[in-house]
Amino acid sequence: MEVKNCEVQLQGTIYIDSIFLLNLVMDLYLLTLTAKAAGKTITYKRVFAGSAAGAAGYCAILCLPIPYVCKVLFGMVPIGGLMIKIV
C-alpha cells in the first residue's frame with residue numbers, strides 16, 4: 001500500500017460566545033482571588049462588571065487583524081487595567 005501526496009489541512013471554528021463566556025468566568029475567578037489576596041472588600045456587581053468588560057474587550061481584540069504583539073501591548077494590557085479599575 002502506497003500513500004502519495006498526503007496533505008492534511010486543519011480548520012477550526014472559533015465561537016465568540018464560547019470565548020466570551022470562558023473569559024467571563026475566568027475573569028470572575030481571577031478578580032475575586034485578587035481581591036481576597038489583597039485583603040480588599042468587593043461587591044459582586046463590580047466584579048461582574050469588570051469581568052464583563054474584560055471579556056468583551058478580549059473578544060473585540062481577538063477580532064482585530066493585527067499582529068499578536070500589538071494585541072497584547074495595545075489591547076490586553078489596558079483592558080486588564082480597566083478591569084481592575086472597575087472593581
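The values are calculated or read from the model by the stated rules, or taken from the named source; none is laboratory data. Source: prediction; values computed, not measured. All Cβ positions, even for glycine, are placed from backbone atoms using ideal geometry, and neighbour counts span all protein chains on display.
Name the pairs: first residue in the stretch 35-47 and more than 12 Å from residue 86 (Cβ to Cβ), second residue at pLDDT 90 or above and assigned to a loop (DSSP other than H, G, I, E, B), Cβ to Cβ under 8 Å, at least 6 apart or on different chains?
none
Scan 64, 31 and give me the residue that is under 23 Å from residue 78 (Cβ atoms) and touching a residue at least 40 places away in the same chain (Cβ under 8 Å).
31
Report those helices (runs of 4 or more DSSP H) wholly inside the chain carrying at least 2 residues which are hydrophobic (A, V, I, L, M, F, W, C) and surrounded by 15 or more Cβ atoms within 10 Å (Cβ to Cβ).
16-38, 44-63, 77-86
Need the failing condition index for residue 87 against (1) under 11 Å from residue 31 (Cα atoms); (2) modelled with pLDDT of 90 or more, just the number.
(2)
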